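Novice: First the structure, which I've put down as structure tokens, then a few questions once you've had a look.
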Amino acid sequence: MKNNKAFTFTLKHDLYYGTSNNIKRIGLYIFIFLLLIVSFIRVIPAEYKGQITLLDLYLYIFKGILPISANSEFELPLRWLTSLFTLTFILLGYVTTDLSGIGLQCIVRSPNRSIWWFCKQLWGILTGCMYWIIAWLLMTLAICLYNNNLQLHPSNFMMTYFLEGAPSQAHIMALIIGPILTSMTLLTLQLLLELCFGPIISYILIGGYLIIALYIPLPIFIGNFFILQRYQYFFENSSITLFNCLLYNISLSIFCVILGTYIIRRKNIISR
Amino acid sequence: MQVELKNVSKTIHKSEVLKNVSYTFESGKIYGLIGKNGSGKTMLIRTICGLLHPTQGQVIIADKPLDKNKSFPESVGILIESPSFIDAYNGFQNLKLIAGIKQLISDEDIVKALESVGLGDKMHLKYKKYSLGMKQRLGIACAIMENPKILLLDEPTNALDESGLNMLEGLLQQAKANNSIVIVASHDKEMIDKISDETLTLRDGKMIEGSMTK
């Protein structure tokens with residue numbers, strides 16, 4: 001009963017305070033995302049304007065790159081990196097700030113330290129949901145204003161310049177679900193890394209982990225499930241499959257919760 | 001109720017911040033911890049309230065040891081270093097947020113706590129507009145508002161004026177009368193000698209002496 005009260009209250013505190021405290025960062029994310037949308041609109045030749053779809057915009061922003069090989073030309077996926085770094089930037093520093101601020105008063109009143117950690121992880125997952133709700137709202141609004149073509153299949157323009165082959169409906173579902181799941185897992189991982197190493201190192205480590213996924217198409221580097229241009233792997237004979245997306249993301253999230261619980265129960269809580 | 005420290009030692013980053021500290025604190029007394037900066041006062045306070053786990057030894061509160069399963073004392077109020085609250089909330093809202101965790105007290109009790117530290121007419125002012133002294137008073141209000149059985153105050157006199165010091169003394173005496181264990185850490189020997197029933201000196205992590213001041 002005491003645990004339930006403390007959990008509910010701490011979660012409400014995180015949802016309200018964690019979000020309102022980061023309102024400027026969320027604003028920055030919206031601004032950057034709008035810039036990404038505008039960058040897409042600028043590259044569309046006039047003759048293709050009518051056929052551009054909502055999925056085109058989504059694919060353009062989160063396209064990433066094809067697997068890098070010895071023969072391929074390296075292209076830095078700036079849009080992909082920008083969108084992911086803004087995602088992880090929203091949460092940056094909250095764990096540290098909370099533990100040395102009002103969170104200290106909250107945690108000593110909790111029955112145990114684990115409650116504080118569970119609430120942080122849950123808040124991280126919900127922040128991932130919020131990121132995607134905002135992304136899809138902005139993309140939908142942009143396409144409504146542009147040409148009102150809200151279809152979820154790629155246009156000829158996208159097929160000609162950005163894709164290799166047409167994704168099926170099953171591919172498209174995987175392309176939408178994969179990044180949502182992956183972003184939630186990334187945030188739980190970032191919270192764990194910040195608990196261990198602090199905000200700056202956690203941000204660098206998360207960035208490194210994402211960049212490695214550009215080079216190594218293995219499911220342990222979950223950034224692969226966020227690289228939309230690799231969709232052809234999702235159902236072909238490779239390890240970047242929808243099943244592995246679910247398996248690795250859920251496993252990694254659970255691992256972060258469990259390891260974080262172990263760490264917070266033993267951690268020396270000292271102001272930084 | 002008792003707070004018992006049994007051979008408590010704590011090492012952080014290869015530095016021994018507490019060395020074999022043993023003592024028993026009893027209800028209805030004010031204990032003053034004095035020592036220079038870096039003597040281990042704050043570390044001892046943090047260890048008693050469960051924010052630090054001893055490397056060796058035990059902290060036993062009401063016959064139950066603090067450990068990884070029981071992280072914190074049942075009833076504790078703390079003021080550690082500079083208090084920090086939410087800038088966008090006012091004083092009342094900040095305390096209401098914290099009181100919501102255990103839901104032991106009403107809004108009236110929060111108002112009484114704020115009035116007792118002299119913030120009655122400032123409770124609706126946003127925290128970011130508080131002066132240093134007001135922030136310290138809010139920290140004290142937060143520590144006392146739930147009438148905790150253990151009250152731990154680390155350098156509570158920081159930024160307090162003379163009226164603030166008198167207020168603090170009154171509140172500590174009240175907590176003592178309520179049978180709480182009051183532990184106040186400070187480098188201000190004069191203040192500690194004035195308010196404490198017993199003074200404990202820390203030097204380089206070791207407890208050196210105890211004396212009855214009253």
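Novice: Can you tell me which residue within the range A:245-272, out of those that are polar (S, T, N, Q) and buried (at least 20 other Cβ atoms within 10 Å of the Cβ), is farthest from the other protein chains (Cβ to nearest Cβ)? Full working, then the answer.
Specialist: Quick first cut of the range A:245-272, residues polar (S, T, N, Q) only: A:249, A:251, A:253, A:261, A:268, A:271.
Right, trim to buried (at least 20 other Cβ atoms within 10 Å of the Cβ) and you get A:249, A:253.
Numbers: A:249: 29, A:253: 23 Å.
Per the stated criteria, the residue is A:249.
Novice: I'd like the residue in the range A:1-21 that is among the small types (Gly, Ala, Ser) and surrounded by 13 or more Cβ atoms within 10 Å (Cβ to Cβ) and, out of all such residues, is farthest from the other protein chains (Cβ to nearest Cβ). Give the steps one after another, and end with the answer.
Specialist: Here is the first cut: in the range A:1-21, the residues among the small types (Gly, Ala, Ser) are A:6, A:18, A:20.
After this cut, where a residue has to be surrounded by 13 or more Cβ atoms within 10 Å (Cβ to Cβ) as well, the list is A:6, A:18.
Working: A:6: 5, A:18: 11 Å.
Only one residue tops the list, namely A:18.
Novice: Could you list, ordered by first residue, the pairs with Cβ atoms under 6 Å in which the first is in the range A:104-128 and away from chain B (no Cβ under 11 Å) and the second is of a type in the set (Gly, Ala, Ser), at least 6 apart or interchain?
Specialist: Hits for this filter: A:117/A:260; A:123/A:18; A:128/A:183.
Novice: Based on what the data block shows, is residue A:65 part of a loop (DSSP other than H, G, I, E, B), crowded, with 16+ Cβ neighbours inside 10 Å and either within 14 Å of chain B (Cβ to nearest Cβ) or out of contact with any Lys or Arg (no Cβ under 8 Å at 6 or more places or on another chain) (or both)?
Specialist: On the way: part of a loop (DSSP other than H, G, I, E, B): yes; crowded, with 16+ Cβ neighbours inside 10 Å: yes; either within 14 Å of chain B (Cβ to nearest Cβ) or out of contact with any Lys or Arg (no Cβ under 8 Å at 6 or more places or on another chain) (or both): yes.
The answer is yes for residue A:65.
Novice: Restricting attention to the range A:106-114, does a residue exist that is open to solvent by 10 Å² or more (accessible area, probe 1.4 Å), more than 24 Å from residue B:138 (Cα to Cα) and among the small types (Gly, Ala, Ser)?
Specialist: Checked the range A:106-114: at least one residue is open to solvent by 10 Å² or more (accessible area, probe 1.4 Å), more than 24 Å from residue B:138 (Cα to Cα) and among the small types (Gly, Ala, Ser).
Novice: List the residue pairs whose Cβ atoms are under 9 Å apart, where the first residue sits in the range A:190-203 and is in contact (Cβ under 8 Å) with a residue 40 or more places away in the chain and farther than 13 Å from residue A:259 by Cβ, the second is open to solvent by 10 Å² or more (accessible area, probe 1.4 Å) and among the basic types (Lys, Arg), and the two are 6 or more positions apart or on different chains.
Specialist: A:198/A:272
Novice: How about the range B:88-134: which of its residues are outside any loop (DSSP other than H, G, I, E, B), in contact with a Leu (Cβ under 8 Å, 6 or more places away or on another chain) and β-branched (Val, Ile, Thr)?
Specialist: Of everything in the range B:88-134, just one residue is outside any loop (DSSP other than H, G, I, E, B), in contact with a Leu (Cβ under 8 Å, 6 or more places away or on another chain) and β-branched (Val, Ile, Thr), namely B:110.
Novice: Continuing with the same structure: Where in the range B:141-214 are there strands (runs of 3 or more DSSP E), lying wholly inside it, with at least 1 residues that are open to solvent by 70 Å² or more (accessible area, probe 1.4 Å) and among the charged types (D, E, K, R)?
Specialist: Details: elements: B:150-154, B:181-186, B:198-203, B:206-212.
Counting at least 1 such residues, we get B:198-203, B:206-212.
Novice: Return the residues of the range A:193-222 that are surrounded by 23 or more Cβ atoms within 10 Å (Cβ to Cβ) and small (Gly, Ala, Ser); say none if nothing qualifies.
Specialist: A:202, A:213
Novice: One residue is enough: does the range A:118-128 have a residue meeting the conditions out of contact with any Gly (no Cβ under 8 Å at 6 or more places or on another chain) and of a type in the set (S, T, N, Q)?
Specialist: Checking the range A:118-128: not a single residue is out of contact with any Gly (no Cβ under 8 Å at 6 or more places or on another chain) and of a type in the set (S, T, N, Q).
Novice: Exactly one condition in (1) within 14 Å of another protein chain (Cβ to nearest Cβ); (2) in contact with a helix residue (DSSP H, G or I) (Cβ under 6 Å, 6 or more places away or on another chain) is false for residue A:24; which is it?
Specialist: Evaluating residue A:24 over (1) within 14 Å of another protein chain (Cβ to nearest Cβ); (2) in contact with a helix residue (DSSP H, G or I) (Cβ under 6 Å, 6 or more places away or on another chain) leaves (2) as the failure.
Novice: Could you list all residues from the range A:48-62 that are open to solvent by 20 Å² or more (accessible area, probe 1.4 Å) and not small (Gly, Ala, Ser)?
Specialist: Just the residues of the range A:48-62 that are open to solvent by 20 Å² or more (accessible area, probe 1.4 Å), to begin with: A:48-51.
A:48, A:49, A:51 - these are the residues of the range A:48-62 that are open to solvent by 20 Å² or more (accessible area, probe 1.4 Å) and not small (Gly, Ala, Ser).
Novice: Looking for whichever is touching a helix residue (DSSP H, G or I) at 6+ places or on another chain (Cβ under 7 Å), aromatic (Phe, Trp, Tyr), within 14 Å of chain B (Cβ to nearest Cβ) and closer than 27 Å to residue A:23 by Cα here; the options are A:60, A:94. Which one fits?
Specialist: Numbers: A:60 fails: within 14 Å of chain B (Cβ to nearest Cβ).
Only one candidate qualifies: A:94.
The rows are residues; the columns are (1) charged (D, E, K, R); (2) modelled with pLDDT of 95 or more.
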position: B:114; (1), (2): no, yes
position: B:140; (1), (2): no, yes
position: B:145; (1), (2): no, yes
position: B:158; (1), (2): no, no
position: B:162; (1), (2): yes, no
position: B:169; (1), (2): yes, no
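Novice: I've got another one for you. If a residue must be more than 7 Å from chain A (Cβ to nearest Cβ) and aromatic (Phe, Trp, Tyr), how many such residues does the range B:69-94 contain?
Specialist: Qualifying residue count, the range B:69-94: 2.
Novice: Looking at the range B:95-112 only, could you name the residues that are among the β-branched types (Val, Ile, Thr), more than 9 Å from chain A (Cβ to nearest Cβ) and under 18 Å from residue B:151 (Cα atoms)? Talk me through it step by step, then tell me what you get.
Specialist: Of the range B:95-112, the ones among the β-branched types (Val, Ile, Thr) are B:98, B:101, B:105, B:110-111.
Next, only the ones that are more than 9 Å from chain A (Cβ to nearest Cβ) stay: B:105, B:110-111.
B:105, B:110, listed by residue number.
Novice: Considering only strands (runs of 3 or more DSSP E) fully contained in the range B:1-87, which possess at least 2 residues that are open to solvent by 60 Å² or more (accessible area, probe 1.4 Å) and either more than 30 Å from residue B:131 (Cβ to Cβ) or out of contact with any Lys or Arg (no Cβ under 7 Å at 6 or more places or on another chain) (or both)?
Specialist: Hits in the range B:1-87: B:2-12, B:15-26, B:56-61.
Novice: Might you check whether a residue that is away from every other protein chain (no Cβ under 14 Å), touching a Leu at 6+ places or on another chain (Cβ under 9 Å) and over 30 Å from residue B:84 (Cβ atoms) occurs anywhere in the range A:187-196?
Specialist: Scanning the range A:187-196, I find no residue that is away from every other protein chain (no Cβ under 14 Å), touching a Leu at 6+ places or on another chain (Cβ under 9 Å) and over 30 Å from residue B:84 (Cβ atoms), so the answer is no.
Novice: Here's another thing I want to ask about it. Condition check: β-branched (Val, Ile, Thr), in contact (Cβ under 8 Å) with a residue 60 or more places away in the chain, in contact with a Lys or Arg (Cβ under 6 Å, 6 or more places away or on another chain) and surrounded by 20 or more Cβ atoms within 10 Å (Cβ to Cβ). Does residue A:90 satisfy that? Walk me through it before giving the result.
Specialist: On the way: β-branched (Val, Ile, Thr): yes; in contact (Cβ under 8 Å) with a residue 60 or more places away in the chain: yes; in contact with a Lys or Arg (Cβ under 6 Å, 6 or more places away or on another chain): yes; surrounded by 20 or more Cβ atoms within 10 Å (Cβ to Cβ): yes.
So residue A:90 fits the description; yes.
Novice: Testing residue A:28 on (1) open to solvent by 40 Å² or more (accessible area, probe 1.4 Å); (2) aliphatic (A, V, I, L, M); (3) not in a helix (DSSP H, G or I), one condition comes back false. Which one is that?
Specialist: Just one mismatch for residue A:28, condition (3).
Novice: Can you tell me which residue within the range B:11-34, out of those that are of a type in the set (Lys, Arg) and touching a residue at least 60 places away in the same chain (Cβ under 8 Å), is nearest to residue B:204 (Cα to Cα)? If you could, list the steps in order and put the result at the bottom.
Specialist: Start the filter on the range B:11-34 by keeping residues that are of a type in the set (Lys, Arg), which leaves B:14, B:19, B:29.
If we keep only those that are touching a residue at least 60 places away in the same chain (Cβ under 8 Å) too, we end up with B:19, B:29.
Details: B:19: 8, B:29: 25 Å.
Among residues in the range B:11-34 that are of a type in the set (Lys, Arg) and touching a residue at least 60 places away in the same chain (Cβ under 8 Å), the one nearest to residue B:204 (Cα to Cα) is B:19.
Novice: Which one of these does residue A:78 not meet: (1) within 30 Å of residue A:165 (Cβ to Cβ); (2) open to solvent by less than 10 Å² (accessible area, probe 1.4 Å)?
Specialist: Residue A:78 satisfies all of (1) within 30 Å of residue A:165 (Cβ to Cβ); (2) open to solvent by less than 10 Å² (accessible area, probe 1.4 Å) except (2).
The values are calculated or read from the model by the stated rules, or taken from the named source; none is laboratory data. Everything numeric here is computed off the predicted structure, so don't read it as measured data. Quick reminder, even Gly has a Cβ in these numbers, built from the backbone with ideal geometry, and neighbours come from all protein chains shown. Note: accessible area is taken over every heavy atom of the protein model, side chains too, but ligands, DNA and RNA are not part of it. Shrake-Rupley method; radii C 1.70, N 1.55, O 1.52, S 1.80 Å.
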